[in-house]
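Participant: First the structure, which I've put down as structure tokens, then a few questions once you've had a look.
The values are calculated or read from the model by the stated rules, or taken from the named source; none is laboratory data. Keep in mind that what you see is a predicted model, and the values were worked out from it rather than measured. All Cβ positions, glycine included, derive from the backbone under ideal geometry; neighbour counts span all protein chains shown.
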Amino acid sequence: MLRSVIAATGSYIPPVRVPNSEFLNHDFRTANGKPLEKTNDEIVKQFEAITGIQERRYVEPGTVTSDIAFEAANEALKSSGIDGESLDLIIVAHNFGDVRRGGGPPDLVPSLAARVKAKLRIAQPRAAAFDLVFGCPGWIQGVITADAMIRAGDIQRALIIGADTLSRISDPHDRDSMIYADGAGATVLEARDTDSGILAHATRSDTLDHSTMLTMGPSYKDEVFLEALFLKMEGRKLYKYALQTVAGSMQACLDKAGIPLGDVSKILIHQANGKMDEAIINALYSAQNLTPPPDVMPMTISWLGNSSVATVPTLLDLIARQQLDGYAFHSGEIVLFASVGAGMHINAFVYRMP
């Protein structure tokens, strides 16, 4: 049976470490522009207890999203020996384009995928290069899109990249800015006649009542940033929405694949909030009267933060290279990938390791 198989992975983890202590001197405000009543020490401690984030990574001043997307893609191709000229498709999932340090409008022309293809020095025109904007689930949606094209027989090999520089669109006066990070992950999918690979996928978009949970808005100290827009989140509503919907979508994807939850050995979920991810996994298993196996959900959020579309492919690459302590992939095991984010969108796919 023709299936999409992961043939290569790569990632780029930015070099600038930003521990929580860096936020102790920030001037945090409410949405109304008033100073928060709690001290920054209290805010940071509460933040770490809820999210599990202790530090995050930022890109260097002269670096933009297409640069790190290229780095992740280049690592995937070089480490696997795959020739870039053999690609039939290049998708870059992101949300903000190339944003320079200090703000300014996002740079989206040409597309980031076109820039990455040029940086990779791929000459052949056959490989269509386009961007995909789908919130944090963008990389998974890119995988789903490429898989559909592979199954249709339209392409044989695709490069899917997830990259964002959330540090460039984070309001320093909003405590939610502590969540966001930068990063990039890349994966090559290829067609193979096998029983392994992607078994099923699922996507949902709840835009009618939930599209305003993540939006762009002015700084909470707008006298400093008169025209700039920053990422704004209704955290409590998003948390509630995720707990009500994500586990069900993951189970629906497993049902579509005909795979019992008990057969899943790893769940690679978007690293948005440690407590929220744990609650989602508990809801998934409790609905089947099961207990989550120990370490079923590998986590990187404590040291990488939330890098949006990059969290899942970066996690995949770290495990594939055995660079995440205690984790490795094994032939025949079932891995469930899932994400939730701006839109609101949820998606998942079930994968059997070759």
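Participant: What is the one condition in (1) in a helix (DSSP H, G or I); (2) out of contact with any Pro (no Cβ under 6 Å at 6 or more places or on another chain); (3) closer than 23 Å to Ile53 by Cα that Ile281 does not satisfy?
Facilitator: Failing condition for Ile281: (2).
Participant: Can I ask one more? Output the number of residues of region 265-294 satisfying the condition of being closer than 12 Å to Tyr239 by Cα and either of a type in the set (Asp, Glu) or touching a Leu at 6+ places or on another chain (Cβ under 8 Å) (or both).
Facilitator: Keep residues of region 265-294 that are closer than 12 Å to Tyr239 by Cα, which gives 272-280.
Going one step further and asking which of them are either of a type in the set (Asp, Glu) or touching a Leu at 6+ places or on another chain (Cβ under 8 Å) (or both), we end up with 276-280.
Adding up the residues that qualify gives 5.
Participant: Anything in region 45-77 that is without any contact (Cβ under 8 Å) to a residue 60 or more places away in the chain and buried (at least 23 other Cβ atoms within 10 Å of the Cβ)? List them, or say none.
Facilitator: Correct list: Phe70 only.
Participant: Taking Asp164, is it buried (at least 21 other Cβ atoms within 10 Å of the Cβ) and out of contact with any strand residue (DSSP E or B) (no Cβ under 6 Å at 6 or more places or on another chain)?
Facilitator: Considered against the rule, which asks whether it is buried (at least 21 other Cβ atoms within 10 Å of the Cβ) and out of contact with any strand residue (DSSP E or B) (no Cβ under 6 Å at 6 or more places or on another chain), Asp164 comes out as yes.
Participant: Okay, next question. Conditions first: (1) under 17 Å from the mean Cα position of the chain (by Cα); (2) buried (at least 23 other Cβ atoms within 10 Å of the Cβ). Thr145 passes all but one, so which condition is the exception?
Facilitator: So the condition that Thr145 fails would be (2).
Participant: Going by the structure shown, is Ala146 within 23 Å of Ala7 (Cα to Cα) and free of Cβ contacts under 8 Å to residues at least 60 places away in the same chain?
Facilitator: Answer is no for this residue.
Participant: Let me ask something else about it. Run Asp171 past the list (1) assigned by TED's automatic domain parsing to the domain that holds Ile281; (2) touching a residue at least 24 places away in the same chain (Cβ under 8 Å) and report the number of the one that doesn't hold.
Facilitator: Failing condition for Asp171: (1).
Participant: On to the next question. Considering each residue of region 191-211, count those that are of a type in the set (D, E, K, R) and out of contact with any helix residue (DSSP H, G or I) (no Cβ under 8 Å at 6 or more places or on another chain), and give that number.
Facilitator: Total meeting the criteria: 4.
So that you can scan it fast, the table gives a plain yes or no per residue for (1) closer than 18 Å to Gly62 by Cα; (2) crowded, with 19+ Cβ neighbours inside 10 Å:
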site: Leu89; (1), (2): no, yes
site: Leu108; (1), (2): yes, no
site: Ala123; (1), (2): no, no
site: Asp131; (1), (2): no, yes
site: Gln141; (1), (2): no, yes
site: Ile169; (1), (2): yes, yes
site: His173; (1), (2): no, yes
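Participant: Could you list, in sequence order, all residues of region 183-218 that are surrounded by fewer than 22 Cβ atoms within 10 Å (Cβ to Cβ), assigned to a strand (DSSP E or B) and polar (S, T, N, Q)?
Facilitator: Within region 183-218, Thr203, Ser205, Thr215 meet the criteria.
Participant: Oh, and also: Given the criteria in contact (Cβ under 8 Å) with a residue 12 or more places away in the chain, polar (S, T, N, Q) and not in a helix (DSSP H, G or I), does Ser249 qualify?
Facilitator: no
Participant: Can you tell me which residue within region 165-182, out of those that are in a loop (DSSP other than H, G, I, E, B) and not polar (S, T, N, Q), is farthest from Ala146 (Cα to Cα)?
Facilitator: The selected residue is His173.
Participant: Every residue in region 96-123 that is in a loop (DSSP other than H, G, I, E, B), touching a Phe, Trp or Tyr at 6+ places or on another chain (Cβ under 9 Å) and either farther than 22 Å from Gly341 by Cβ or at pLDDT 95 or above (or both), please.
Facilitator: Gly103, Ser111, Leu120
Participant: I would also like to ask the following. Pull up region 118-159, narrow it to residues that are polar (S, T, N, Q) and touching a Leu at 6+ places or on another chain (Cβ under 8 Å), then point me to the one that is farthest from Lys232 (Cα to Cα).
Facilitator: Top of the filtered list is Thr145.
Participant: So in region 252-275, with the set limited to residues that are of a type in the set (Lys, Arg) and modelled with pLDDT of 95 or more, which one is nearest to the chain's Cα centre (by Cα)? Steps first, please.
Facilitator: Going through region 252-275, the residues of a type in the set (Lys, Arg) turn out to be 256, 266, 275.
Subsequent filtering for residues that are modelled with pLDDT of 95 or more retains 256, 266.
Values: Lys256: 23, Lys266: 17 Å.
By that ranking, first place goes to Lys266.
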